[in-house]
Each structure stands twice: as C-alpha cells, then as structure tokens.
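Note sheet for the following structure.
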There are 2 protein chains.
Amino acid sequence: MSEKDRKLVEAITPRDEDFAQWYTDIVKKADLIDYSSVRGCMIIRPYGYAIWELIQKHLDKRFKETGHENVYMPLFIPESLLQKEKDHVEGFAPEVAWVTHGGDEELTERLCVRPTSETLFCEHYANIIHSYRDLPKLYNQWCSVVRWEKTTRPFLRTLEFLWQEGHTAHATEEESMDETIKMLNVYAEFCENILAIPVVKGRKTDKEKFAGAKATFTIESLMHDGKALQTGTSHNFGDGFARAFNIRYTDKNNELKYVHQTSWGMTTRLIGALIMVHGDDDGLVLPPEVAPVQVMVIPVQQHKEGVLEKAREVKSRIEKLARVGLDDSDKMPGWKFSEYEMKGVPLRLEIGPKDIQNNQCVIVRRDTREKIFVSLDNLEDSIQKILKAMQRDLLANATLERDRKTYTAYSMDEFAEICAKTPGFIKAMWCGERSCEDAIKEKTGATARCIPFEQDRVSDSCVCCGKPAEHLVIWGKAY
Amino acid sequence: MSEKDRKLVEAITPRDEDFAQWYTDIVKKADLIDYSSVRGCMIIRPYGYAIWELIQKHLDKRFKETGHENVYMPLFIPESLLQKEKDHVEGFAPEVAWVTHGGDEELTERLCVRPTSETLFCEHYANIIHSYRDLPKLYNQWCSVVRWEKTTRPFLRTLEFLWQEGHTAHATEEESMDETIKMLNVYAEFCENILAIPVVKGRKTDKEKFAGAKATFTIESLMHDGKALQTGTSHNFGDGFARAFNIRYTDKNNELKYVHQTSWGMTTRLIGALIMVHGDDDGLVLPPEVAPVQVMVIPVQQHKEGVLEKAREVKSRIEKLARVGLDDSDKMPGWKFSEYEMKGVPLRLEIGPKDIQNNQCVIVRRDTREKIFVSLDNLEDSIQKILKAMQRDLLANATLERDRKTYTAYSMDEFAEICAKTPGFIKAMWCGERSCEDAIKEKTGATARCIPFEQDRVSDSCVCCGKPAEHLVIWGKAY
C-alpha cells in the first residue's frame, strides 16, 4: 500500500500538530466511544469497554488479594446526609445532579446522584461497626458517579464516569495511614506493570486535597503533550468523618473510640492516560496486558489454497495463551493493517503462501513496527516472548519520555519559561505557603501535582518567594 | 448443642408461619443486605454482592459465548428522547426519577434516571448502523436502573436495582425472533443449571408484555409460598423502535430497510428467587454454583494438638477445586454450625482429634443435613462428587415441589378455591380476550404468568367465559 493510501485510511490529525484533536480522533476512530444526546456523557463502545473490563479484572484481583470485599451502595444520597461533613459538602454540592421528582410527585427531600459515596459508607459503617472485632472493614464498590462538569472530554472529564471507590474503617490512625499508603502502592504497581505508565507517588498539598480528607496521596503521570494526569488518589480521613457520622466501636478495654477511615479511587480516565502516553500518529498503542485483542492474524493472499486453513490453525494454537483474533474478511490486507494499528492491537501476525512454504509467519510489533520472522515450530514461545518484551519496552520508553520532560526550576523566570516552551513535570522548591502556590498557578497555569515521596533538595529557597524551602514539589499543567 | 441453643442462635421466623417475615429475616441475618436512609434502596453487603458476582460471571460467559459484547450507556435519558416511542414512554414515565438541577442551575430539559435503556441504544444504533454489513449488533450492558416503586422489598422490588440488559439489532424479523428465543433459552438453562431453579418458558399476554414490545417471552418460577416470580424476560420489538428512531440500513440490493430489535434482562431479584426457592427454617441454602463459600472447614476441639494444622492442610487441598473457608475463631463449633447454615454454605467440613486418628473428616450437606464420613485419601474426589450431587438434587427437589404445587382448574370456582387455599401455578384454558384476563385477576388476584410453549389442551373452553379456548395459560399470584 502506498503512503497516500495509508493516510487515506487513517485520516487522523498528527499528534504534534494538534494534540487535542489527535486525541479526539483516536477515541472515535478506534471505536472507543460515541457521543450521545446527553450532554457530557459518553457511550463506551465494545472495544473501549473491553479495555475497561481488563482494567477491572487486574484491579479487582489486587483488591481481593489485599483482603477487600465488594459491595453496592445506593445511587442516591439524601441532601441531609450529604451535608453531614462540612468540608465534604462544600467540595461536592456545587457539582451534583439533583433528583427532585419521582414519577409525578415532588420529593420532600432532594436526592443527589452520588458524586462519590463517603457519606453512604459512613452511614452504613455507623450501623454495622460496634466492637473492635468488627474492624477493619475493607470495602470496595464498582459503579458510576456523576459530577456536573461544565466542559467535558471523553474519558478525561465526563459528567458521568465509571470507577471503583474503596472505603475502609480501622481501629487506629496508624492502621488507616498504612491502608492509605498500601492502596497507593497497589495503584502504582498496577499502573507500571499493567498499563505500562510510570508514576510519581506523593502527597497532595492542602489546597489540592480531597474535600473532607486529612491527607490525600496521589500518583501522577505525564502525558505526551507534557501535561500531567492524576491517575489515582488515596485519602486518609483520620477520624473526621467518624466524628461527623458518629462511627464508634468499643475497644478491648471497653472504651468507646472513633474509627479511622480511608478512601481511594481509579476511574475510566485511565483509558485516556493509555491513549495519551502510548498512542502515536497511527492511532492507539495498547500494552498487551489490557489489549482486548493481543494478536491479530491477517492472512495474506487468502484466496490461495491452504492459506485460510493455516491462518485458522495458527489462531487456534495462539488461543491457548493469548487473546487472538483473525480477520478473514474480503478487505485488502493493507486496510486491515491500518485498522488494527488504529486500534492499537499489540501484534499483527501475517501469514501467506510464501510463509507457509518456509514454515514461518511474520509478526509485527505495534510500537516499534519491527518485523519478526518466527518459525511455526516455536510459535507459542515466540508470541509470549514478544508480548512480554513489548509490555516491558512500553514502560521503559514511557519512563524515558517522562524523565526527558521533567525539568528543574530555580527561579520563577525559569519556571514560567518551561511552562510556556517545553511543558512537563517541573521540580521546584516550595516554602509551604498557600500564597506562593496560588501565585505560581496565576503566573504559569501550573499546579502542585504532589510533594513526592522521593524528596530531592534541589535548592534551599522557595522558587516563588525565596524564603526557606520546606518541600520539593512536582508542578505541572494538568488535565 | 441442644435444640434450644440452636433456636437462640438463629432466631428467624419459621417459613410456614410468616413467609414474608421469614424472607426479611434471612436477607438481614445472612448479611445479604442492609437498609439505608434512601427510601426503597438497599445496600448489597459483601456476602450478597459475592452471590451477584457469581451470577454475573456465569451469565456474562454465556453472553460472550453467544457473540454478545458489553457496552456502557449514559445513566440519564433526556425527556424528549424517552418520548420518542409512544407505548414505551407511557409504560415508564410514571415511574421514573427526574433530575431537574445540575449544581445550582435548573436544566432546560429534564433528564430521567434510566429505568431501562432502549431509547439510548436506539439513538446509538441509528448513528452506527448504515449497511447490512453492520448487522447484527449484539450488545449487553451491566448497570443499575431506577424505577420509582411505591412499595419495595429487598431484591424483589427496589427503587434501584442491578441488572443486565441485552439490546440487539438484526436485518430481519426472523433473526430478531431467533435471538429473542435464543436468549430466553440461555436464561432458562442458566436458571436450571446454575441457580437450580426450574422454569416454565412461555409468551406473555398482550396485557403483560413490555411497553413497546411486539412480543414478550418470559421464564416463570414458583416460590415456596406458591407465588410466581418472573425470573427473566426477552422481548422481540420487531421494527417498532426502529421506525420511531429511524434505524435503517441498506441491504445487499441497495434498498433502505428498518432493523428488527430485541432486548432481554435479568436482575438482582434472582437472589430473592434463590432465597424463596431453596431456603429453609435455618436460613439460606445456596446451590454450589453460586455459593461464595462452597465448603466451610470447622475444626472441632481446635485447641488440641494438630487439629488446626490439619484443618489448614485440608483447606489448602480443597482450595484448588472449590471456594473454601476456614473458621478458626474462638467461637463454639455449635455457633459456627448455625452461622454457616444461616448463610447457606453448601458443605460444612468438621475435623477433630478423633477424625484425624481415623484419617477422615465429616462433611454435612446444607440441604439434607446428611453426615458423610470421608476418608482424607479421597478428599478432593469426595468434595467434588458431593457438590455436584447437591447441585443436582436442589434442582430435582425444586422441580418436584413446583410440580406438586401446579394445579389445573376447569371452572372459576375451582380456580378461586386453589388461589385461596393452595396457591401455586394454575393451568387453565383461556379464550384470548382481555376481559376474561381482567375478570380472573379481579376475582382471584391471579395474573396470566405466561402462555407456555408446552401447550396442553386440558379443556376446550375458557375457564372464565366458557367460550372456545385458544390457549392454555399458566396463572398465579406473583411477586
């Protein structure tokens, strides 16, 4: 196929020309989503949903291995219940959808469609926790939530999104802190090993923390355009919610104590992260672990005797070890190549009369375009090795790319120049004052992504005010 | 443990004394649900949700094996979209929840919280279906839906419930009819083989069919109290929705045609069916296929040397083939026996010093209370055989019970007497007139459950009006 034909088939905006348009092109052309007549809500199509199912499978396994149980809470929260924790209601009330009528009747109390379920879990915990024997409670919920956003983008910011929300209750603050960090680490390991996306782990500043939390921890990733994406958060509530909802237990000495709580969540925005970290000008690139189809078999000259039979035989051999498809439609191989490149299928397996003669097939990696001639004798072994290599290389490359776009700023001029010219993560010292955090945002558009666990004292004075520095902060413009 | 102690631990209402209270006791004491401050909405607790996850796993596997793909549609439906199909909106509008405000702003158009998603799927299908090559579309969605019910009962009728809704589009009416029946058969096979609940397959009368459907098919089951439960429905829409939403495709002759559609659904009410078909005075009885814990190991005299070690060894051997738990808490074995009987765990495995000496353990079946002495040499084999036998016997017994409570009525007096004295399925002939269907309901409270596929001409005249009969109908009072 000529270069012209390729472009014709693909027809997406080049990534470095218009990143936002490139992103929109991919979510549509890779059949991840469709728009609906409901403002800000997306339809997640089969291919997009299959990616979400794989994300769920990997996360759910990790949650269960760490002792968590799934539950299901109501979709609605009565207004009075939402208002029980002061900071929480202030944070969420401006962006909730209100149900005011059921059938023909006006409700006596408005119900909000859950933007998050802390209040429901707290009410339930107050009912079921009585003694130290009832602790810890390690619950998780898979559901959809609604936040009335003004501007929306598929996966990154939608009025409704799918997520999981973990909610736990513990006897002591130490235990709730351990849980908060444990789940942050589960998230980080999942991002790196499954999504092949490197993360920076750290704590949010007070300005950026969750409404009602004592401390919020986050994992932050860098997208190809140099903007940051918060890929997961884990909150330690201390006993704040417990006091508001009166969640108490009798300890071993028969004393009444408040529980200590956490919550943590990951959402369908992870699919946006996959696109923006790994995608290229030909479309999506999926890490094998979350690819609905890991290998697509494409017969070449399929009308010739024996080709289709061989392709089917190859497919059925691979089926035992990987998610495999076979496209034996009457479309041209070149069209098929472009189609599965657009969809980010990790490996394409070509097999034609000449290959069969040589007892081989051709495997093409989506990320590197490397063509690998594989003997059919070692088919299973080779496929497994190449999938593993690709998974590993995607993480390695994303890490290189992230590091390449991580800068250090020692003055506000440097800071502003990086933001304007070469967006990325910016390491800069901070005095700890909200006024400097606000000033930096106003001047540069960058926010404090996190106070990273790995502190590196690049200087002794705050990049903004010059006073003694307290922390190294990772700053960046963010989605 | 004495009989008195047993009752003390369990404390549930006997089933034949007050069936409704017995049901409520089980959903609470088996830790399936908790109530919340949201009227008519339930909290599905870990044990209840684990049953739902197993139901999902078995159904989802069947959907995928029959070529269906999962998608996710928005939670909200704009009022104008809901109104596009006349019968549909008339059926659902009276029972939907309306969102009128987002944040502080009043919406220009109300959104309803989906009671079902036909309209959203239709809008999407109109967007993505163009040619015969795009057909069939075989989609399914797992989500929660809301129907503003006046009176509610956990699992059976709740304001919000979890379900799956299949939505498919086909080129011809014949294909949509095949799909409708195929999915009804998938449901029936699942109910019988997985839930161990026998079903009657049939067609709904026009009065009882789904709002907007051309024909509704149903599987009906009989609960222990003689009331019927609709356990799943499958609808053939013909081209009704396609005409309302203008879903057309060009066929091979380049002619523009309307698609033909189906939808089918099963809900968390299946958990209610499990309780009411298999439960007894000691609590829940779960078929092994959907039991979160299939075998609970209970050490006897666990303080004695070697007992706990042996119990753990037994557990780890069973882990490879079944979902197994071990209760080594310091509670009395008698308490544990009652607890896992309440929760319906299929097999209890007792092991104490004497058993260890004899190289055996004791297995007690939840349904029959049969005590089976099993040599530890054949542990794996025995467990598998007993689980299979229990699964099979539960279905056989439920079928016997259902057949025992299926009556034939040849006159309205007989019909009314059966309804009043020995509720169950009532077979009776029907002329096909709505007036007789209404009259029967008014006189007896029974509704037409279905026109069963297996027709049996028990008489030639309508049980109500005496005119020539068209169909045998299965009648019953229903949940």
(message) Please count how many residues of the range B:200-229 are closer than 21 Å to residue B:422 by Cβ and not in a strand (DSSP E or B).
(response) 5
(message) Among (1) crowded, with 20+ Cβ neighbours inside 10 Å; (2) within 7 Å of chain A (Cβ to nearest Cβ), there is one condition residue B:37 misses while meeting the rest; what is its number?
(response) (1)
(message) Let me spell it out: the conditions are (1) part of a strand (DSSP E or B); (2) more than 14 Å from every other protein chain (Cβ to nearest Cβ), and residue B:24 meets all of them except one. Which number is the exception?
(response) (1)
(request) Restrict the check to the range A:129-146 and report whether at least one residue is assigned by TED's automatic domain parsing to the domain that holds residue A:260, in a helix (DSSP H, G or I) and of a type in the set (Val, Ile, Thr). (result) no
(request) Of the numbered conditions (1) closer than 30 Å to residue B:29 by Cβ; (2) away from every other protein chain (no Cβ under 13 Å), residue B:87 fails exactly one; give the number of that condition. (result) (1)
(message) Take the residues in the range A:312-326 that are assigned to a helix (DSSP H, G or I) and either in contact (Cβ under 8 Å) with a residue 60 or more places away in the chain or basic (Lys, Arg) (or both); name whichever of them is farthest from residue A:379 (Cα to Cα).
(response) A:312
(message) I want to confirm something. Restricting to the range B:115-171 and keeping residues that are of a type in the set (A, V, I, L, M) and more than 26 Å from residue B:86 (Cβ to Cβ), which single residue is surrounded by the most Cβ atoms within 10 Å (Cβ to Cβ)?
(response) B:162
(request) Only residues that are within 25 Å of the chain's Cα centre (by Cα) and closer than 21 Å to residue A:234 by Cβ: list them for the range A:68-95, please. (result) A:68, A:69, A:70, A:71, A:73, A:88, A:91, A:92
(request) Could you identify the single residue in A:207, A:201 that is surrounded by fewer than 21 Cβ atoms within 10 Å (Cβ to Cβ), more than 14 Å from chain B (Cβ to nearest Cβ) and in contact with a Cys (Cβ under 8 Å, 6 or more places away or on another chain)? (result) A:201
(request) Of the conditions (1) among the acidic types (Asp, Glu); (2) more than 9 Å from chain B (Cβ to nearest Cβ); (3) surrounded by fewer than 21 Cβ atoms within 10 Å (Cβ to Cβ); (4) more than 26 Å from the chain's Cα centre (by Cα), residue A:65 clears all except one; give me its number. (result) (4)
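Looking at the range B:106-119, can you tell me whether even one residue there is in contact (Cβ under 8 Å) with a residue 60 or more places away in the chain and under 24 Å from the mean Cα position of the chain (by Cα)?
So far as the range B:106-119 goes, yes, one or more of its residues are in contact (Cβ under 8 Å) with a residue 60 or more places away in the chain and under 24 Å from the mean Cα position of the chain (by Cα).
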(request) Look at residue A:329 and say whether it is among the small types (Gly, Ala, Ser) and in a helix (DSSP H, G or I). (result) no
(message) Return the residues of the range B:240-273 that are of a type in the set (Ser, Thr, Tyr), in a strand (DSSP E or B) and either within 21 Å of residue B:87 (Cβ to Cβ) or under 10 Å from the mean Cα position of the chain (by Cα) (or both); say none if nothing qualifies.
(response) B:258, B:262, B:263, B:267
(message) Suppose we filter B:418, B:440, B:451, B:426 for residues that are free of Cβ contacts under 8 Å to residues at least 24 places away in the same chain, buried (at least 18 other Cβ atoms within 10 Å of the Cβ) and either under 26 Å from the mean Cα position of the chain (by Cα) or not assigned by TED's automatic domain parsing to the domain that holds residue B:184 (or both); which single one remains?
(response) B:418
(request) Any chance you could count how many residues in the range A:41-52 are facing chain B (nearest Cβ under 7 Å) and either farther than 12 Å from residue B:141 by Cα or crowded, with 21+ Cβ neighbours inside 10 Å (or both)? (result) 5
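The values are calculated or read from the model by the stated rules, or taken from the named source; none is laboratory data. This is a predicted model, so every value here is computed, not measured. Methodologically, a virtual Cβ is constructed for each residue, glycine included, from the backbone with ideal geometry; neighbour enumeration extends over all protein chains shown.
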